[in-house]
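Colleague: One structure, as structure tokens, below. Some questions next.
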Amino acid sequence: MSRLCLILFGPPGSGKGTQAKLLRQSLEVAHISTGDMLRERVASGDSLGRAVADMMQSGGLVPDDTVNRLVEERIEQPDCARGFILDGYPRTVEQARLLETVLAAKGISPVVVHLQVDYNVIIARLSGRRQCPTCGALYGVTSNSPEVSEVCDYDGSKLVVRDDDKAEVVLERLRGYDRQTVPVLEFLKNTGVRTFVVKGAEMPPQAIARQIKWLLKERGGTA
Ligand SMILES: [Zn+2]
């Protein structure tokens, strides 16, 4: 049985983090979030960790070959024996190119799942969120909504829309995601990586996770 390498893509608001957690549990594979991985490496304080800390402190991006080296080491850890989910990686075409070489050398065929969501749904969801300017409590539209519309349950303050949730800010984040991700997805598809599009946010998270598992089992030839 070959090891699973699931590359999970999804824009902000697609539920990617939730899916990564659900799938990690039910598939018994590791969840590798590049952000967490870099932070852990910095915390370890070894020479590469210190180099990464310097790069991040100087505001620079961590170079592709460094990120790749870290991922390459990470997937040799025991928790990746059955497979792993890559979350937030590869982020550039160069990273994707290097990753393919690493995986090919190990005989692993990656599978891409792209959680696609209607941008209008994300904007409605995020721009419908409210925050209390007094105590910081967060309220949603469909879940965790306040008892009285637009008023904080705890202190009666009038709720506000966070700057990050304003429609134009959300749209800009989504466009940024597209600019960065579309070329990487195209590259992977063109090199023959099996790519599945799954509708995120339109079903409960558990149902989406079941659909992804089905795709991996029935259509991916893995697990
Ligand atoms: Zn409040």
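Colleague: Determine the alpha carbon to alpha carbon distance for each of 158/199; 16/106; 166/199 and list only those over 32 Å. Walk me through the intermediate numbers first.
Modeller: Working: 158/199 35 Å; 16/106 26 Å; 166/199 24 Å.
Violating the 32 Å Cα-Cα cut-off are 158/199.
Colleague: Roughly what angle does helix 47-57 make with the longest principal axis of the chain, taking Cα atoms, 0 to 90 degrees, to the nearest 10?
Modeller: So the inclination is approximately 40 degrees.
Colleague: Leaving out ligands and nucleic acids, note down the accessible area per residue over the chain with a 1.4 angstrom probe, in whole Å². Let's see the in-between values first.
Modeller: Working: 11900 Å² over 223 residues.
Computed with neighbouring chains in place, this is 53 Å² per residue.
Colleague: Right, here's the next one. Students often check this: by mean Cβ neighbours within 10 Å, which of 45-58, 87-100 ranks highest, and how do the rest follow? Intermediate results must be reported in sequence, preceding the final value.
Modeller: Details: 45-58: 13.0, 87-100: 19.6.
Ranking the peptides 45-58, 87-100 by packing returns 87-100, 45-58.
Colleague: For segment 115-223, what is the Kirkwood estimate of the hydrodynamic radius, computed as the reciprocal of the mean inverse distance between distinct Cα atoms, to one decimal in Å? Write out the running numbers ahead of the final one.
Modeller: Details: mean 1/r = 0.0600 Å⁻¹.
Kirkwood radius, segment 115-223: 16.7 Å.
Colleague: Could you compute the net charge surrounding residue 122? Neighbours are other residues with a C-beta less than 14 Å from the C-beta of residue 122; K and R count +1, D and E count -1. Working shown, then result.
Modeller: On the way: positive: 16, 125, 129, 166, 173, 175, 199; negative: 118, 164, 165, 168, 172, 178, 202.
The answer is 0.
Colleague: Summarise the long-distance tail of P(r) for the chain by giving the % of C-alpha pairs beyond 28 Å. Present the calculation step by step, with values, prior to reporting the outcome.
Modeller: Working: 9661 of 24753 pairs.
Here the long-distance tail beyond 28 Å is 39 percent of all Cα pairs in the chain.
Colleague: By how many degrees, between 0 and 90 and to the nearest 10, does the Cα long axis of helix 205-214 differ from the longest principal axis of the chain?
Modeller: Taking Cα atoms only, the helix is inclined about 20 degrees.
Colleague: Counting only protein heavy atoms and a 1.4 Å probe, tell me what percentage of segment 123-223's accessible area is made up of carbon and sulfur.
Modeller: Accessible surface attributable to carbon and sulfur in segment 123-223 totals 52 percent.
Colleague: Given the DSSP H assignment, sum -39500 (n - 2.57) over each helix run of at least 4 residues in the chain and divide by its residue total; what's the result at 222 nm in deg cm²/dmol, nearest 500? Mind showing how you got there, number by number?
Modeller: Numbers: 8 runs with 102 residues, N = 223.
My calculation for the chain gives -14500 deg cm²/dmol from helical runs alone.
Colleague: Something else about it: Over all directions, how big on average is the projection of the convex hull of the alpha-carbon atoms in segment 165-223, in square nanometres? Please report the intermediate quantities before stating the final value.
Modeller: Values: hull surface 21.6 nm².
Result: a mean projected hull area of 5.4 nm².
Colleague: Once you have a ≥ b ≥ c as the square roots of the Cα gyration tensor eigenvalues for segment 79-141, tell me rounded if a/c is under 1.5, and otherwise prolate or oblate according to whether a/b is larger than b/c.
Modeller: Note, shape of segment 79-141 comes out prolate.
Colleague: Computing the accessible area with a 1.4 Å probe over protein heavy atoms, can you report the carbon and sulfur percentage for segment 1-95? Intermediate results must be reported in sequence, preceding the final value.
Modeller: On the way: 2290 of 4540 Å².
So the carbon and sulfur contribution to the accessible surface is 50 percent.
The values are calculated or read from the model by the stated rules, or taken from the named source; none is laboratory data. It should be emphasised that the depicted structure is a prediction, and the values quoted were computed from it without experimental measurement. Here the Cβ is made from the backbone with ideal geometry for all residues, glycine too, and neighbour counts use every protein chain on show. When the accessible area is computed, the model is the full protein with side chains, heavy atoms only, and any ligands, DNA or RNA have been set aside. Shrake-Rupley method; radii C 1.70, N 1.55, O 1.52, S 1.80 Å.
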